[in-house]
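Structure first, then comments.
No lab work stands behind these numbers, since they all come straight from the coordinates. Bear in mind that the values here come from a model prediction, so they are computed numbers and not experimental data. We place every Cβ from the backbone using ideal geometry, glycine too, and count neighbours over all the protein chains shown.
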Amino acid sequence: MHHNSSRLRRLTCTGAALALLVTACAPPSPTDAGTDATSPPLAQKSTQPDEDPAGFDLDKLIAAARTEPGITIYDQTSKVVDTAKAFAAKYGIEATGVKVELGAIDKVLKENQSGNVIGDVVINEDLPTYAVELLDQGVLINWVPGDMKKTIKPEDQYPLIVHYGPMGWAYNSEKYSSCPVSNIWQLTDAQFKGRVAIADPLSNAKYPYWFNTMALNDDAALRSAYKEQFGTDLTTDQPDAAHEWVKRFAQNSPKLAKNDEEVSEAVGAPGQQDPSFGPMSMAKFRNIAKEGYHLALCDGMKPWALQSFPSGIAYAAKTDSPNAAKLYIHYMLTEEGFALQLGDGKPAANSQIPAPDDPSHVKDFLDQMAPFPSADLVSDYRTKSAWDDFWRTSHS
């Protein structure tokens with residue numbers, strides 16, 4: 001009897017341990033998407049003396065940078081090529097800009113693991129993955145120039161943000177004299193069934209991040225917008241208003257595109273009787289001149305007309321040129337270094353740089369842009385697969 005009971009206890013404990021292991025490994029369910037709101041935000045583990053205004057000396061940094069090998073910069077825009085050339089010409093330091101649109105984070109991880117670092121400076125818009133997998137693991141080093149400490153918001157200093165990368169709701173200005181939509185809940189109504197174009201959320205990480213941001217921060221605003229649209233309080237069996245909106249929107253037959261370029265065509269192409277409506281990055285407003293599209297941002301969209309998707313900037317922990325990398329980061333946070341980005345409607349994190357004057361006129365809408373809080377990055381990272389699953393089941 002003694003041996004049997006001991007064996008039973010061992011089996012019970014093993015079963016319990018296995019259950020815990022399975023639970024730990026299983027992705028969170030859609031209804032758990034808000035439970036990571038209490039995840040502690042990422043925190044910078046250490047700082048360097050030149051991150052303090054008193055310890056920063058630009059001339060000293062330039063001199064140190066000139067003693068190091070040339071640098072390579074990874075960014076997701078082709079403008080990095082010309083920005084690196086301008087930096088090289090200004091400081092007499094070899095610099096090469098490389099557009100790495102897909103797989104950038106994996107590439108940086110592998111370089112770190114192999115010790116063969118090519119990307120000395122990394123700029124990336126997948127902020128949750130960038131922060132959790134690269135910064136927090138010590139693959140990249142977050143560095144804030146000491147002379148910019150007071151002109152970059154504290155919440156934008158870890159991870160250090162270079163620009164806000166807004167995505168905004170747009171309409172066809174040839175067909176409509178003003179935006180036909182003023183409330184996000186209209187997009188769940190029969191009137192807009194099949195009329196919204198959106199980059200496929202399963203292929204574009206910014207959408208599950210956006211859904212999670214709404215769940216964590218905009219529940220009251222979404223409920224208020226719902227009552228304004230339908231005249232009654234929202235009742236739902238979902239954990240929050242964001243889940244309910246995502247479910248209804250997914251079920252309203254949105255047109256799924258590969259990317260924002262296709263969305264801009266569906267919305268803005270000329271001569272359409274029934275153009276789509278949809279969200280896109282400000283860079284796509286260049287198609288007004290390039291393709292003859294008719295695009296305009298929605299003014300007064302509830303709860304927000306735009307959503308911020310910031311890009312982080314940091315340097316490789318194993319770089320042979322830390323000072324040159326720091327100097328490039330400093331350069332990117334000046335008006336001169338950031339100039340090319342302004343043309344794509346990207347507001348800079350450094351408040352000393354003027355707002356962009358671009359075809360989207362985003363500077364007139366910045367007070368209507370929802371923030372992308374750095375405190376939510378761990379939650380955004382952990383819940384991405386749950387939001388993917390929720391979208392998939394709602395859309396099918």
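Below, the figures for the structure above:
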{"item": "Volume in Å³ per residue [convex hull over Cα atoms, computed for region 210-319]", "result": "172"}
{"item": "Derived scalar couplings ³J(HN,Hα) [region 213-222; Karplus, 6.51 cos²θ - 1.76 cosθ + 1.60; whole Hz; x for Gly, Pro]", "result": "4, 5, 4, 7, 10, 10, 4, 5, 5, 5"}
{"item": "Förster radius 56 Å - calculated FRET efficiency between GLN273 and GLU336 (Cβ-Cβ, nearest 0.05)", "result": "0.75"}
{"item": "Additional length obtainable on full extension of the chain from ASP367 to VAL81, 0.36 nm per residue less Cα span", "result": "99.8 nm"}
{"item": "Along each principal axis, Cα extent of region 280-396, largest first, Å", "result": "50, 38, 27"}
{"item": "Share of Cα-Cα pairs in region 257-333 lying beyond 17 Å, as whole percent", "result": "61"}
{"item": "If the convex hull is drawn through the Cα atoms of region 52-199, its volume per residue in Å³", "result": "188"}
{"item": "Spread of Cα-to-Cα distances over 10 Å intervals beginning at zero, given as percent, for region 331-385", "result": "22, 38, 30, 11"}
{"item": "Cα→Cβ-extended label distance, 7 Å offset, between ASN116 and GLU101, nm", "result": "2.6"}
{"item": "Viscosity 0.890 mPa s, temperature 25 °C, Stokes-Einstein D of the chain from Kirkwood C-alpha radius, µm²/s", "result": "108"}
{"item": "Placed amide H near PHE277: partners under 5 Å, 5+ positions off or other chain", "result": "VAL196, ALA197"}
{"item": "Cβ-placed point charges (K, R +1; D, E -1), dipole of region 149-240 about Cα centre in debye, nearest 20", "result": "380"}
{"item": "Evaluated over region 155-200, the Cα radius of gyration and Dmax, each in Å", "result": "15.6, 43"}
{"item": "Test item: Cα-centred dipole of the chain, Lys/Arg +1 and Asp/Glu -1 on Cβ, debye", "result": "940"}
{"item": "Proximal charge balance of MET301 [Cβ under 13 Å; K/R count +1, D/E count -1]", "result": "-3"}
{"item": "Per-bin percent of Cα-Cα distances, region 83-157 [10 Å]", "result": "16, 40, 38, 6"}
{"item": "Pair-distance profile P(r), taking every C-alpha pair of region 120-244, with 5 angstrom steps and integer %", "result": "2, 8, 13, 16, 16, 13, 11, 9, 7, 3, 1"}
{"item": "Directionally averaged shadow of region 76-115, computed from the convex hull of its alpha-carbon atoms, nm²", "result": "3.2"}
{"item": "Per-selection Rg to Rh, region 172-249 - Cα, Kirkwood hydrodynamic radius", "result": "0.98"}
{"item": "Cα-based Rg and Dmax for region 291-333, where Dmax is the largest Cα-Cα distance (Å)", "result": "18.7, 49"}
